[in-house]
1. So, how do all the Cα-to-Cα distances of segment 89-172 break down into 5 Å bins, in percent, from 0 on up?
2. Charges on Cβ only, +1 for Lys and Arg, -1 for Asp and Glu, centred on the Cα centroid of the chain; of Trp185, Gln228, Leu132, which one is farthest towards the dipole's positive end?
3. Calculate how large, on average over all directions, the projected area of the Cα convex hull of segment 143-299 is; give the answer in nm² to one decimal.
4. In debye, nearest 20, what is the charge dipole magnitude of the chain about its Cα centre with +1 on Lys and Arg Cβ and -1 on Asp and Glu Cβ, if you could check?
5. Quick one: dipole size for segment 257-299, taken about the Cα centre, charges +1 on Lys/Arg Cβ and -1 on Asp/Glu Cβ, in debye to the nearest 20.
6. For segment 130-145, take each phi angle, set θ = phi - 60°, evaluate the Karplus expression 6.51 cos²θ - 1.76 cosθ + 1.60, and give the result in whole Hz per residue in order, putting x for glycine and proline.
7. Only counting other Cβ atoms within 10 Å, I'd like Val275, Val220, Val46 sorted with the fewest neighbours first.
8. I'd like the projected area of the chain, averaged over all directions, using the convex hull of its alpha carbons. Report it in nm² with one decimal.
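Read-outs: derived from the displayed coordinates by stated rules, not from any lab. Remember, it's a predicted structure, so these values are computed and weren't measured experimentally. Cβ sites come from the backbone with ideal geometry, for glycine too, and all protein chains shown count toward neighbours.
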Amino acid sequence: MAAVLRRGVKLISSGSSQLLSGGCKHGRTSTLCISSSRPSSSKINVELDSSTGIAVMRFQNPLVNSLNLDFLTEICISLEKLELDKSCRGVILTSAQPKIFSAGLDILEMYGKNPEHYAAFWKSVQEIWLKLYGYSKITIAAINGSSPAGGCLIALTADYRIMADNPRYTIGLNETQLGIVAPFWFKDTMLNTVGHRTAELSLQFGLMYTPSDALKINLVDLVVPEEQVLSTATETMTKFLAIPGHAREISKSMMRKPVVDRLLSCRDADIKNFVSFISKDSIQKSLGQYLSMLKQKKS
Ligand SMILES: CCCCCCC/C=C/C(=O)SCCNC(=O)CCNC(=O)[C@H](O)C(C)(C)COP(=O)(O)OP(=O)(O)OC[C@H]1O[C@@H](n2cnc3c(N)ncnc32)[C@H](O)[C@@H]1OP(=O)(O)O
């Protein structure tokens, strides 16, 4: 860590991860998120440009950014710190893993574990959604790879979605394909983005969309060549930043608060429902088959 802690670098957080902030070239301040004990094990990387107020959060949980308990917790802590940091005005969410934005919830967290584990895991899924969907600052998803189910949900919580123009990448809520059901708050997030009829078909069939099809149904807002995803996200962020902050923030909250409040009013019941659903033999069997299918696909 000594190599990173050069002159002018300031430790600005604590907890399971640390944020290091320090002056670097061009008078900008960069913020790097590293794990407190083993820097190389950090699952996200955050760079905050204090001259623009734009933070780029890169997911780097090999192989496919699947959302397990630790990863979700780390993302949540970093988002919280950025939300409290006055020098940060907006966050771009993107992936450091090739070809994948996020593979969604880690299926291994929902398979063959005990009810206590399922409850803790689901609470962390609720937590990340509540944090992101109710986030006061601007968020833009720079979707540089495939984004099924929980990965799509993360993208859907953003204020704007820009996807790489690569027909091999797909995005959507494919839960029914796994024999599981997206909960009401996944459904509402989708519904608020693409409208009722499209969400209904999309959820029932568990549809995955190529970037151009995702654009047609407004699941993403823009499709650009892969190498331009991040620069376009930065340009778009600048447009958002030109709007008076309090007015934008209140407008965002007005659109989203009813859905956020709905989950807040029944978090424990939602966890109970998840635990009972996921513990069913039939559901465990479906997940086991899906995992085997993923492994077989390779051979
Ligand atoms: C009331 C009850 C409510 C219940 C609601 C639950 C809501 C659930 C939401 C979810 O997010 S469920 C997860 C849905 N995700 C998927 O279906 C994605 C599955 N994965 C893929 O389609 C592909 O892996 C990929 C992401 C497109 C990447 O393809 P690629 O060819 O690049 O890599 P693979 O060889 O397929 O995968 C590498 C490695 O990773 C494992 N893996 C992939 N996805 C997951 C995952 N979501 N969870 C855990 N593990 C995953 C895959 O099995 C491979 O493992 P190894 O064979 O290397 O061990």
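1. All Cα pairs, binned at 5 Å, distribute as 3, 15, 22, 22, 17, 12, 6, 2, 0 percent.
2. Towards the positive end, the residue furthest out is Gln228.
3. Details: hull surface 43.5 nm².
Dividing the Cα hull surface by four gives the mean projection, 10.9 nm².
4. On the way: 34 positive and 26 negative charges, 88 e Å.
Here the size comes out at about 420 debye.
5. On the way: 9 positive and 4 negative charges, 57 e Å.
Rounded to the nearest 20 debye, it is 280 debye.
6. With coefficients 6.51, -1.76 and 1.60, one gets 4, 5, 6, 6, x, 5, 6, 8, 6, 10, 10, 8, 9, 8, 9, x Hz.
7. Values: Val275 17, Val220 27, Val46 24.
Neighbour counts put them in this order, fewest first: Val275, Val46, Val220.
8. Working: hull surface 64.3 nm².
Mean orientational projected area (the chain, Cα hull): 16.1 nm².
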